[in-house]
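We did not get these values from a lab; they are worked out from the coordinates using the rules stated. Just so you know, these numbers come straight off a predicted model, no measurement behind them. Cβ atoms come from the backbone with ideal geometry, glycine included; neighbour counts cover every protein chain shown.
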Amino acid sequence: MAISVERLVLPSQWSSNCYVVRASEQALEAAVVDPGGDLAPLNALLDGHGVNVAGILITHTDVDHILGVAELAEATSAEVWAPAGEVVALRTGQTRGGHLVRPHEPAHTIEDGDRITVAGIELEVAGVPGHSSGHVAFHADGALFSGDLLFEDSVGRVDFEGGDWSQLLDSIKRLLERFGPDTTVYPGHGGPTTLGRELATNPFLAELR
């Protein structure tokens, strides 16, 4: 049975995606990926399904992906899984660009190659630096939560501290080799796509073709 993925754009100035991921549509526990804005729509969705948050997964620690982490963790007692290479921002509450968030000490730090189980879902962690130095993605059951590495017809910015164009392209190339073109990508902004579609049509990936 395929995992259930629901996308929310939580209210903020950045219009970032947040995902509620369950082992099935009937499952009553969820992993929440990148709660980066006002939690009201997320709480309404969870309450409507009668679903509890079993864990919070963070792809990277820019403000638009962690703004609601501390609040959600404290309200639900859910454990947080954060990328080891960027965990300082979450711990201190000081993110790239000088933005401030409520600090939180994650229960787990993760890096490339880790395998974790959250809400009954087995996920593989992939290190994907490029948009930021410690960025990770999460893969489960043909679904890839890519954060701000890759979008439909675009890619993440590399002009912030820790950004690197060569690393970004290499990260996308390695994802293709690791998970294959049919993998569904759930990005940090915009709608879903697949790795194969982006390789074929994304103007920023021409040199990978």
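Structure values in brief
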item: Dipole magnitude (debye, nearest 20) for the chain, charges at Cβ of Lys, Arg, Asp, Glu; result: 140
item: Distant-in-sequence amide H partners of VAL155 (H built 1.01 Å from N, under 5 Å); result: none
item: Difference of contour (0.36 nm per residue) and Cα-Cα distance, ALA75 to HIS189; result: 38.5 nm
item: Listed peptides 201-207, 126-132, 166-172 by packing density, highest first (mean Cβ within 10 Å); result: 126-132, 166-172, 201-207
item: Charge dipole of the chain about the Cα centre (unit charges at C-beta), most positive-ward option of LEU67, ILE121, PRO192; result: PRO192
item: Antiparallel bridge percentage (DSSP; both residues within the range 58-209; nearest 5); result: 70
item: Distant-in-sequence amide H partners of GLU79 (H built 1.01 Å from N, under 5 Å); result: ILE56
item: Cα-centred dipole magnitude for the range 23-131, charges only on beta-carbon of K, R (+1) and D, E (-1), debye, nearest 20; result: 240
item: Computed helical MRE - 222 nm, the chain, DSSP H runs ≥ 4 contributing -39500 (n - 2.57), nearest 500; result: -6500 deg cm²/dmol
item: Extension gain from SER166 to ASP153, taking 0.36 nm per residue of separation minus the Cα-Cα distance; result: 2.9 nm
item: Packing-based ranking, highest mean first, of 115-125, 4-14 given that Cβ atoms within 10 Å are counted; result: 115-125, 4-14
item: Volume per residue of the C-alpha convex hull in the chain, rounded to whole Å³; result: 102
item: Alpha-carbon centroids, the range 1-44 and the range 152-209: separation in whole Å; result: 22
